[in-house]
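Notes follow once the structure below has been shown.
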Amino acid sequence: MKITAVISAALISAVSSVALAEFPEPQSGNYVIENFMFESGETLPEMNVSYMTIGDPSGAPVLITHGTTSSGKSMLGEKFAGNLYGPGQALDTERYFLILVDAIGAGDSSKPSDGLRADFPEQTLMDMVNAQKMLLTDHLGIDHLHLKIGFSMGGMLTWTWLTEYPDFMDGGVPIASLPGPMAGRNWMMRRMVIDAVRDDPAWNGGNYEEQPPMLRYMSAWFGLATSNGNLRLQSLGATREMADAVVDEKKASQKVGDANDVMYMWNASRNFDPTAKLADIEAKVLLILSQDDERNPVELPMLEEGMARIADGDVYIVPEDDETNGHGTTYNSAYYADQLADFMKSLPNAPE
């Protein structure tokens, strides 16, 4: 295992000047899985799996997954896609066929707010992966991926793909996700969000008439606590007055979705733990982390211990400065676009 961290201030400062590339218009689609069975044993008569594709279907297939409470559209954002999807870039859509999926509970895929509300089965990451595999094999006719890549929850989904279907892909790139169980501070804070919202009297067992007020407050709190970076927050809030202004702005601008959808998504990672199957991974792995990731601290033993179990895996760590923003740092692919490009070239069956 090789762990690499770039410490060049010049390289980091250059990120903001990277030119963002253009790529073809995404094509939207939806696949309906009949009688989809969840890990819990519950069944949904019709599971909608919404997705987008970019590029020619003859290209090497790449599955891209998003973070918690986001959707596939988030992976079209300039900071991520603008550094990767264009001509000559790591995931050049002239060479690769990109598939961006809305996970169960997100975007236009089936979710509680479609009508079932609290009667919707509580999904897990394994449920999401199984639905995605059915989309690929049964609908798109893809029986092998060239790459599985994802950010945050999408990183956990990547670990799940790698361990549960180890021969299904040539390479895997989990971003902002450690190779270990959902536990420690990461889970404690998720539990705080879930419990605070569900303990709100306005929750009404998930049959609320208006979004519970605690949803906005806890969403703002969780964002400040786990996705902003220590140096950056200290710079933004260097005095109490400045810190108060940050909080006021965050409270005023915080956007929230449907409370059932959001709580189901936070709870979906509850049984995530790839540890026991890490040695089963057959694909080549590049794990991308940031030094300031509050949810996935690089000093935790599970990083080195987990990667040591993988036959062919490397780690790339983005160093912290006053511009990086904690867990959200690695959404900006300019920090690692070159490393990802080199990784893509090293994969078996890499397109010419």
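At a 10 angstrom cut-off on C-beta neighbours, averaged per residue, how do the peptides 149-162, 336-349 rank from highest to lowest?
By packing density, highest mean first, the sequence is 149-162, 336-349.
Taking the highest mean first, how do the peptides 123-135, 302-314 order by number of other beta carbon atoms within 10 angstrom per residue?
My ranking of the peptides, most packed first, is 123-135, 302-314.
May I ask you to give the percent of accessible area on the stretch 92-190 that is carbon plus sulfur, with a probe radius of 1.4 Å?
The computed percentage sits at 46.
Excluding ligands, DNA and RNA, what is the solvent-accessible area per residue of the stretch 291-338 at a probe of 1.4 Å, expressed in Å²?
40
Past 26 Å, Cα to Cα, is the threshold; run K73/K250; K79/K251; K79/K250; K111/K277; K148/K255; K133/K255 against it and keep the listed order.
K111/K277; K148/K255; K133/K255
Taking just the C-alpha trace of the stretch 136-252, give me its Rg and Dmax in Å.
Computed over the Cα atoms of the stretch 136-252, radius of gyration and Dmax are 19.4, 57 Å.
Any idea what log10 I(q)/I(0) is at q = 0.09, 0.10, 0.14 Å⁻¹ for the chain, Debye with uniform C-alpha scatterers and no solvent?
-0.48, -0.59, -1.22
Using bins 10 angstrom wide from zero, how does P(r) for the stretch 269-352 break down, in % of all Cα pairs?
Here the calculated profile for the stretch 269-352 is 15, 41, 36, 8, 0.
Over the stretch 265-352, what percent of the accessible surface lies on carbon and sulfur atoms, probe 1.4 Å?
Carbon with sulfur: 43 percent of the solvent-accessible area.
Given the options T65, W203, T324, identify the residue whose Cα lies farthest towards the positive end of the charge dipole of the chain (+1 on Cβ of Lys, Arg; -1 on Cβ of Asp, Glu).
Result: T324.
Might you work out the accessible area of S50 for me, using a 1.4 Å probe with all protein chains in place, and round it to the nearest 10 Å²?
10
The values are calculated or read from the model by the stated rules, or taken from the named source; none is laboratory data. Fair warning: this is a prediction, and the values are worked out from it, not measured in the lab. Cβ atoms come from the backbone with ideal geometry, glycine included; neighbour counts cover every protein chain shown. Areas reflect the complete protein model, heavy atoms only, side chains present, ligands, DNA and RNA absent. Shrake-Rupley method; radii C 1.70, N 1.55, O 1.52, S 1.80 Å.
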